[in-house]
Structures are given as C-alpha cells and as structure tokens.
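Single-structure report; data block below.
What follows draws every value from the coordinates through simple rules; no lab data is involved. Keep in mind that this is a model prediction, so the values were computed, not measured. Glycine gets a Cβ as well: all are built from the backbone with ideal geometry, and neighbour counts include every protein chain shown.
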Amino acid sequence: MGEVYRLTLRQLSGRWRLIMMTLLSSLPVIVAVLMLRSSSAPSVWEFESAVLSAMLNGAIAPLVVLAISAAAFSNEVEDRTLANLTLAPIPRWKIAVPKLLATISLAAPFIAVSAFLTAHVAFLGDTQATIAITVSSMVGVALYASAFVWLGLVTTQAIGIGLLYIVLWEGFFSGFVSGVRLLSIRHYAIALMHGLDERRFAPVSHPPLAIAIGLSVLVLGGFLLLAIRRLRRMDVP
Amino acid sequence: MSTVSTPVIRVDGVSRWFGSVVAVSDVTFDIGPGITGLLGPNGAGKTTLLRMMTGLAATSSGKITVFGQHVRDNPPLYRRLGVMSEHETVYGFMTGREFVSMMGRLRGVELLDNAVDHAIELVDMADAQHRPLDTYSRGMRQRMRLAATLVHGPDILFLDEPLNGADPRQRVHFKRLLQQLAAAGKTIVLSSHILEEVEELAETVLLIVNGKLAASGGFRAIRAALNQRPYHVRVVCDDPRRLAAGIVRLPSVDAVHMDPDGALVVLSRNVTDLQVELPRLAQAAAIRLRRVEPMDDSLESVFGYLVEG
C-alpha cells in the first residue's frame with residue numbers, strides 16, 4: 001500500500017496544483033478578516049451561513065479536493081499508467097485505499113489551516129469553536145475525496161462533472177431544498193460542527209449529529225467500495 | 001486453431017465487442033512455452049486480444065485461462081505475468097531505476113536491489129538508470145519498460161509492439177534477449193504488425209485479421225501461404241510493348257496488361273521467380289527497366305488475401 005500512496009503523492013504534487021490550492025484555501029481567511037473589519041459585523045448565524053457553510057465547506061473544500069482527488073485515477077487512466085497498478089498481484093482495495101489516503105493527505109493540510117485560521121480570526125481564539133470548525137472541515141475533505149476519487153475512476157470528465165455537482169447540488173439545491181441536505185456532504189460537515197460546539201452554533205435545519213455521522217460513514221465507505229468494485233470490473237486502458 | 005499439449009494460455013471462443021463494433025470474433029487457440037507472434041494489420045484486434053489475455057479487459061463471450069486459472073480479476077496470478085503495452089506507460093518524474101524498483105515492490109520482489117540491477121543489466125541500461133525517464137529517448141524508455149516488465153521474473157511475457165521506437169542496435173539486443181528468455185522456458189506472446197519482426201522471433205504465429213484468427217501455426221506455413229498469393233507488380237521501362245510480349249511467356253507470370261500511362265502491370269503468383277526472370281528478360285532484350293514496384297504489398301492486402309482464401 002505504501003508504494004501506491006507514495007506514487008500518488010508524487011503524481012499529485014505538481015507545483016501549479018499546489019499554488020492553486022494555496023490561493024483557494026486562503027480565500028475564507030481573507031473574507032473572514034474583511035467581514036469582521038467592516039462597520040456592520042455579521043452575526044454568528046450570518047458568518048456560519050456565508051463563510052463556513054457556503055464558502056468553506058460548500059465551495060473551497062470541495063474545489064480543493066476535486067483538483068486533487070479527481071486526478072488520482074483519471075490521470076492514470078488518461079496516460080494509461082493505471083495498468084502498472086492493476087497488473088500488480090495485490091487486492092484492489094490496496095490500490096483504492098492508498099489513493100484515497102494520499103488525496104486526503106494532500107488536501108487536508110490546506111483546508112485544515114484555512115479552517116483553523118478562519119475560525120481563530122472569527123471567534124477570537126475560542127478553542128472549542130476552532131476545533132469544531134477544523135474537525136468538521138476535515139470530515140468534509142474525507143467525504144468529498146472518497147466521492148471524487150470514485151468519480152475520477154468512472155469518467156474522464158471528472159473535473160467538469162465534479163464542478164457541476166459542487167455548484168448545483170452542494171451550492172444551489174442543498175441551500176434551498178431541505179430534503180437534499182440529507183444527501184449533502186456540506187451539510188454533514190456543518191451538522192458535525194454544530195454537534196461539536198452546541199454552545200456557539202445555533203441549532204438550525206441540518207441533519208441531527210447522529211444521522212450526519214452515520215451518513216458520513218456510509219458515504220465514505222460507499223464510495224470507497226464503489227471505487228474498489230470499479231477497479232475490479234473496469235477495462236483498464 | 002493452434003493446439004499445444006500443455007497450454008499455458010487457453011483462449012476459448014472469445015469475442016469482444018464495443019457497442020456494434022466487433023473487435024474480436026470467436027477466437028480459439030492455445031499458447032505454450034516459447035515465442036508466439038500475434039500478427040495482424042493495425043486495427044485487427046491484436047491489442048484487444050492481448051488485453052483480454054492479461055486480464056486488463058473483459059471478454060464479451062468465451063473464456064481465457066492462464067495456467068488453468070481465469071485471468072480476469074485474479075491478482076495472485078498477475079505475479080506470473082509481465083505485460084508491456086504499446087503505450088509509454090512510465091512516470092516521467094521518476095528515474096529509470098526508481099521506476100523498475102517501484103514495479104518490483106508492487107510485485108512483491110524479494111532482494112529487490114539485486115533484481116533491479118539484474119533487470120537493468122539485461123536491457124543494457126545501467127549507464128542511464130539514474131536519469132529521469134522524461135529525458136530518455138523512446139527506445140530507451142522501451143528498454144527500461146522491458147526491465148520493469150522483467151524485474152519480478154514472470155513466467156509469461158506479453159509484449160505489444162515492443163520494437164516500436166527501437167534503433168537497429170536495440171532491436172538486435174532485444175531479439176537476443178527474447179530468444180534467451182524463450183530458451184529458459186518462458187512463454188512470450190509478441191504482438192506486431194510487421195511481418196519480418198515476427199518472422200525473426202516467433203516460432204508460432206497467430207494471424208489476426210478483422211478480429212478473427214485467419215491462420216495459425218509455424219511461420220513457414222504462413223509464409224508459404226503468403227508467397228502463393230497473387231501479386232500485382234508495376235513495371236516501368238523504355239519499351240513496354242516489347243517487354244510485355246516477353247513477360248507473358250514467363251512461367252511465373254499469370255497475366256499482364258498496360259496502364260494508360262504506359263506502365264506494365266504484371267500479375268504473378270511466384271514473385272520470387274519473377275524477381276529473377278524479369279531482369280534477365282530485360283537484359284536479353286536490351287530493354288532498360290526504370291522502375292519495378294509491388295502494387296499491393298501492404299500487410300492489409302496480404303491478410304485480406306489470406307482471409308478471403
């Protein structure tokens with residue numbers, strides 16, 4: 001597994017990708033500073049809705065993860081190097097799991113730093129709120145990663161389809177249609193954040209914590225299983 | 001159908017279609033140890049067949065077994081396979097040695113350093129092993145890919161158009177290496193669209209045309225069939241009418257006619273003899289031959305003839 005993990009890290013650590021991820025992940029911090037400096041400071045609910053939910057967990061985190069995770073397999077399918085791995089005498093899960101772990105390892109530090117600084121600035125160093133925001137964002141990264149790793153394996157248009165998903169599903173429908181929130185990674189992350197710091201965040205219409213945790217496990221495990229199944233059944237170019 | 005007493009690879013009634021396109025149609029053969037050439041024109045279905053034999057692609061119908069086991073989705077079996085595709089499946093950011101090492105680790109090679117040294121020496125790439133693959137020529141990449149294919153000592157080698165990009169010296173080295181491996185009891189399946197390439201290497205030939213097995217067996221039998229096909233040869237000379245009168249009497253010639261531009265088109269089923277008789281005739285008649293060229297010497301026409309025949 002270590003070999004596939006190391007290979008994936010090297011494949012995905014391109015300079016331009018890292019620069020783009022740095023720029024993207026710095027946006028929530030910049031916006032948080034600007035909002036708090038403005039004459040009419042937002043309420044906790046407004047800040048949560050605009051920055052933590054819509055921006056950090058609904059746009060920046062999935063975009064950063066998409067840039068990495070979709071390429072984990074789709075680049076190998078495109079340049080036909082995937083056969084180097086699938087012809088190795090190892091079970092398919094030993095290919096899919098390290099690929100997923102490598103993409104999480106790459107994306108998580110960017111989002112963790114972004115979430116930590118955003119929370120630290122916005123909540124004036126409140127430890128519990130900072131931990132809640134950072135941990136929930138990390139869970140979001142893992143869930144998005146499992147979905148996009150699978151997507152990169154089933155289509156060569158993973159970036160385009162992923163962008164549509166982020167804009168339409170996570171950004172648009174899940175903001176307006178309450179039922180969709182049960183199938184929204186962004187709202188699982190926000191529900192987890194609420195669960196980790198009930199004192200700071202007002203209870204609003206997100207899935208209950210237990211359901212969000214259960215659905216998160218299902219999403220992570222489900223997409224991972226789908227990726228393994230796909231590796232077993234696909235025609236490798 | 002080729003039959004081998006103890007087949008290493010058995011392809012049994014295999015077809016593969018992509019939508020309405022049939023890439024491989026009801027192909028059956030066995031392959032045993034030694035070098036087997038998979039010969040056919042571009043687009044004949046060789047690569048699809050090879051991919052199915054390695055488990056990379058599924059069959060639409062029929063079954064393929066390697067050492068008696070299903071090859072598809074059977075990772076433990078892959079320890080015994082070495083596959084080199086026609087595409088340059090390398091990671092440009094790695095050095096040649098890193099690539100071979102990685103392939104060895106993925107295939108569970110023990111004493112990895114020794115195995116990597118040995119594989120790189122086999123392909124004569126020790127001097128360039130620490131350079132990034134991006135800086136290699138195509139032929140060098142091919143050789144390093146072959147080292148990566150050999151590093152775990154596979155029992156079967158699948159090589160798809162392996163001599164692409166190789167210079168003459170590399171070709172000689174490569175052929176010698178394959179012959180050594182075959183002599184050591186390995187099973188080697190070599191795909192190529194170049195007749196001479198397969199002729200030099202393969203003991204057995206599987207001729208694939210339009211997704212079907214057109215012929216199989218020893219190379220001599222295939223070659224004999226190729227030699228008996230009618231060839232059209234275009235002859236340009238300074239006195240075509242007089243030469244035509246002489247040519248029709250040659251035993252190797254079936255027919256002759258004249259093009260509007262004055263060139264002769266000769267139909268022959270024995271080109272080997274024609275190659276001797278025609279210059280002799282021209283010399284005797286003091287006719288200068290300006291150009292003698294086969295009109296249909298492409299592999300496609302050769303294979304087409306065999307399939308129709």
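List of remarks:
- Non-local lysine pairs in chain B, meaning eight or more places apart or on different chains, with alpha-carbon distances under 22 Å, amount to 6.
- Note on A:85-96: average number of Cβ atoms from other chains within 10 Å of each residue's Cβ is 5.
- Between the amide H of B:Ile208 and those of B:Leu39, B:Gly40, B:Ala214, distances stay under 5 Å, these residues lying 5 or more places away or on another chain, with hydrogens modeled in the peptide plane.
- Peptide B:33-41 - average C-beta neighbours from other chains (10 Å radius): 0
- Per principal axis, descending, Cα span of the stretch B:9-226 in whole Å: 45, 37, 33
- Cβ-based charge dipole, the stretch B:9-226, positive-most Cα from B:Gly185, B:Ser101, B:His70: B:His70
- ³J(HN,Hα), Karplus 6.51/-1.76/1.60, whole Hz, each residue of the stretch A:222-237, x for Gly, Pro: x, 5, 5, 5, 4, 5, 5, 4, 4, 4, 6, 9, 6, 7, 8, x
- In this Cβ point-charge picture (+1 for Lys and Arg, -1 for Asp and Glu), the protein assembly as shown has a dipole of about 480 debye about its Cα centre.
- Helix axis angle, A:127-154 relative to chain A longest principal axis, alpha carbon, degrees: 30
- If both residues of a DSSP beta bridge must be in the protein assembly as shown, then about 65% of such bridges are antiparallel.
- The tail of the calculated P(r) for the stretch A:1-92 beyond 18 Å holds 58 percent of all Cα-Cα pairs.
- Relative contact order for the stretch B:139-195, counting Cα pairs under 8 Å that sit 6 or more residues apart, in percent: 47
- Over the protein assembly as shown, dividing the summed -39,500 (n - 2.57) contributions of all DSSP H runs of at least 4 residues by the number of residues returns a 222 nm mean residue ellipticity of -16000 deg cm²/dmol.
- Among A:Lys99, B:Lys175, B:Lys186, the order by Cβ neighbours within 10 angstrom, fewest to most, reads B:Lys175, B:Lys186, A:Lys99.
- Protection proxy ranking, highest mean first, for peptides B:132-138, B:279-285: B:132-138, B:279-285, where packing is the per-residue count of other beta-carbon atoms within 10 Å, averaged.
- Cβ crowding within 10 Å ranks B:Met125, A:Met1 as A:Met1, B:Met125, fewest other Cβ atoms first.
- Per residue of B:47-53, other chain Cβ atoms within 10 Å of the residue Cβ number 1 on average.
- Chain B: relative contact order as a whole-number percent, Cα under 8 Å and 6+ apart: 20
- Note: the protein assembly as shown, Cα convex hull, 209 Å³ per residue.
- For the stretch B:9-226, a crude dipole built from +1 on the beta carbon of Lys and Arg and -1 on the beta carbon of Asp and Glu, taken about the Cα centre, is about 300 debye to the nearest 20.
- Charge-dipole axis of the stretch A:2-233 as Lys and Arg at +1 and Asp and Glu at -1 on Cβ define it, positive-most pick from A:Leu183, A:Leu100, A:Ala115: A:Leu100
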